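What follows draws every value from the coordinates through simple rules; no lab data is involved. The structure displayed is predicted, hence computed values, not measured ones. Don't worry about glycine lacking a Cβ; one is built from the backbone with ideal geometry, like all the others, and counts go over all protein chains shown.
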Amino acid sequence: MLSTLLDNKYLIRELVSRDIRSRYTGSVVGVFWSILNPLIQLILYTVIFSFVLKQRFGEDPSTGRFAEYLFCALLPWMALQEGVTRSSRTFIENAPLIKKIRFPLEVLPLSVVMSAFFHQFLGTIVLVVILIFNQTLNLDLFALAFVFYIFQILMIYGLSLVVACLNVFFRDIAQILGVLFMFMFWVTPMVYPKTQAPEAFRWILNLNPLTHMIETYRFVFLGSPFPSLAGLAYWVAFSMVVYYLGYFILNRTRNELVDLI
Amino acid sequence: MSTAIVVSHVSKVYKHYWGPRSLLKEILLGVTSHSRQWALKDVSFELEEGEAFGVVGDNGAGKSTLLKILAGTAFPTQGDVKVSGRISALLELGAGFHPEFTGRENIYFNGALQGMSREEIKEREDEIIEFSELSEFVDKPVKTYSSGMFLRLGFAVATGFDPAILIIDEALAVGDQHFQKKCTDRIMQFRRESKTILFCSHNLYQVKTLCDRALWLDRGAVMAIDSSARVVDQYTNELRQERKPTKGESFERPKDSLDCAIERVATLDAAGRPCNDFTTGDCLRLDVWAFFGERFQGTPGIAASIVRNDGLLFYTTTSTKDGVKLLELEPGHFYGSLVFPSLPLLSGLYYFNVVTTDQENLQAYHIVERAVTFTVQSPTDSGSVKLEHHWNNQLPDDRQKAS
């Protein structure tokens, strides 16, 4: 499965660039929106949470850092949501392509995932610049993020493959996803630290692999306490399983899929 | 020569689920909740490298499904397909174009879809732009193109990356007359370069001239695989058969004709051997034995008509009108032979209607429809009959004066 992707790396690159560019065709500043968007968002969050609401994030004594914590988690979350949601429709949206031209189907969700990651990456650059400015960047470790990006992409890609295939058979999937993400947003400690969740519910948070993912990113970028090794291992294992599951479902449904699109 | 395409026992079933709920039911409970439609039934053939292969058949015969399976955009339910070499399919021109992007960007994107690398595309970019005659428009968004420009670019992109196998569905040529010529020239060039071509068309003449061999599909099943001329002829015969309004044979036999009967009829070739398969220009001989009883008064005569299987009457002639007396072999038993020294008929399935008449040709005594059937093959001409003709490449005298 990796070899199909390597064989088609130019096609994937073209698809990703087509996806990113098509979003900004006709706009004046173009791809700069991908930087402007997170920048404005980050500034807005800082103003609201730090100056208006004067929120502290968990045990952190400073009120100024709430947006940093939030943003650290929000960037991968948005990549996940965008990647999976858009992947669920990608086979149907590209029906003319799939029906007329022979190419490996898996490149379509992958290109969506990579385009979402591209925006996450630009957002991360904005975040890192702000962190440097605030002198709160975890300089020793933040480069480690690249290692975790791999698992994050594998996870999103795997989930994307699953929903992309299933949505061809059941168009309800795209609808269900909306509800599911709404729910997941709150059972992932993004706008609150895990420690603040009631003891009775904490097992739910621990069961959620995303909890461990964002805690890892907070550790890497902000120097938050290291998440448990078990939690990290759980998330990495989850990513791999989901990735293989995605391919398993694609290979099982590939033949019938094209007839139903 | 190696084989380019091997299709072995390919069948394709389209499942029609009655709705999303029945699909869920089938997956969860294993209850069959769909109807099946066989688009292809046990299709097998091989294509040599460099061969041009035609596919003919009615609408819904499975042609498009077959092409899709070969192009890799659909998968067979049973059997398998082996393809060696890169395929480019002219199934729908410009299918992969994004309207917001320029022609050039779309060339790159479509090249990538066909599995080309950036360098390979760069190499052919200029040639494709030149062929599509877009010149300055190539850097404008495709959505601003006229339909002709769109098709031109689509054709140029589909054929521009040097495919080993080309699959063509109907669209042999697109655009205005000038560009259509370029399209056919390019296809013929592929032909000369010994590329493998799979051509599916309702234009039987094109199939006959372009392809070496052809396949005739009917409701998903293979009816014939043979030389393209023979397959097209067979298919045409079948088409004509269907078009004929009444198929029933009638042996109209008036009561008083009992002792005026056609006894035997046969078609023979130039050497006098019984023969039912002819080529345009061959000598065809029709032998008729008839019996005329004692009650018959006058000169015995025989009328013969050539009818094509779609019911079209080509020609009728009678022995008495031509002033020929039948040979009386034994008392009451007559023999006559009708000879067409150079058969002008073109490809088709024909039969003779033979009738016993009297000298005035007013009375038809014994009518035998489809007394004998025969086929005609014509490798080159198209139409119904070969008309005598010649071409001049010099001005005739009367024109010379005028100019």
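Hey, what angle do you get for helix B:118-132 against the long axis of chain B, alpha-carbon based, 0 to 90 degrees rounded to 10?
50
Can you sort B:149, A:184 from fewest to most other Cβ atoms within 10 Å of each residue's own Cβ?
Ranked by crowding around the Cβ, least crowded first: A:184, B:149.
Per residue of B:5-17, what is the mean number of Cβ atoms on other protein chains within 10 angstrom of that residue's Cβ?
1
Place the peptides B:124-133, B:107-116 in order of packing, highest mean first, counting for every residue the other Cβ atoms within 10 Å and averaging per peptide.
B:107-116, B:124-133
Please report Rg (one decimal) and Dmax (integer) in Å for the Cα set of the stretch A:2-260.
When restricted to the Cα atoms of the stretch A:2-260, Rg and Dmax are 19.1, 59 Å.
Calculate the mean, over all residues of peptide B:100-109, of how many other protein chain Cβ atoms lie within 10 angstrom of the residue's Cβ.
2
Check cross-link reach from residue B:195 to the aspartates and glutamates: straight Cα distance under 12 Å, and skip same-chain residues fewer than eight apart.
The qualifying aspartates and glutamates are B:48, B:49, B:51, B:162.
For Cα pairs less than 8 Å apart in space and 6+ apart in sequence, what is the mean separation divided by the residue count of the stretch A:72-121, i.e. the relative contact order in percent?
Working: 30 pairs, mean separation 28.9, N = 50.
For the stretch A:72-121, the relative contact order is 58 percent.
How charged is the neighbourhood of residue B:11? Take every other residue with its Cβ under 10 Å from the Cβ of residue B:11, and add Lys/Arg as +1 and Asp/Glu as -1.
+1
Just how large is the dipole of the stretch B:1-52 about the Cα centre, in debye to the nearest 20, putting +1 at every Lys and Arg Cβ and -1 at every Asp and Glu Cβ?
Working: 6 positive and 6 negative charges, 142 e Å.
Dipole size: approximately 680 debye.
Using a 10 Å cut-off on Cβ atoms, rank the peptides A:131-140, B:11-20 from the highest mean neighbour count down.
B:11-20, A:131-140
Could you give the DSSP H helices of chain A that reach 30 angstrom or more along their long axis (alpha carbon positions) and whose average Kyte-Doolittle hydropathy is no lower than 0.0?
Helix filter hits for chain A: A:66-93, A:107-134, A:145-169, A:229-260.
Given the peptides B:90-96, A:230-236, B:269-275, arrange them by the average over their residues of other C-beta atoms within 10 Å, most packed first.
B:90-96, A:230-236, B:269-275
Based on DSSP H runs of at least 4 residues, each adding -39500 (n - 2.57), what is the mean residue ellipticity at 222 nm of the protein assembly as shown after dividing by all its residues, to the nearest 500 deg cm²/dmol?
-14500 deg cm²/dmol
Just to confirm the number: angle between the C-alpha axis of helix B:20-29 and the first principal axis of chain B, 0 to 90 degrees, nearest 10?
80
In terms of Cα to Cα distance under 13 Å, which aspartates and glutamates are near enough to residue A:99, apart from those fewer than 8 places away along the same chain?
A:256, A:259, B:92
For each of B:119, B:26, A:215, A:93, count neighbouring Cβ atoms within 10 Å of the residue's Cβ, then give the residues from fewest to most.
B:119, A:93, B:26, A:215
Below 8 Å between Cα atoms, with a sequence gap of 6+, how large is the relative contact order for the stretch A:2-260 in percent?
The value is 23 percent.
Looking only at other chains, what is the average number of their beta-carbon atoms within 10 angstrom of each beta-carbon in A:28-34?
0
When only Cα pairs under 8 Å and 6 or more residues apart are kept, what is the percent relative contact order across the stretch B:130-217?
Contact order relative to length: 25 percent.
With just the Cα atoms defining each centre, how far is the stretch B:93-156 from the stretch B:292-333? Give it in Å.
Between the Cα centre of the stretch B:93-156 and that of the stretch B:292-333, the gap is 68 Å.
Stick to Cα atoms and the Kirkwood definition of Rh, then tell me Rg/Rh for chain B.
Result for chain B is an Rg/Rh of 1.13.
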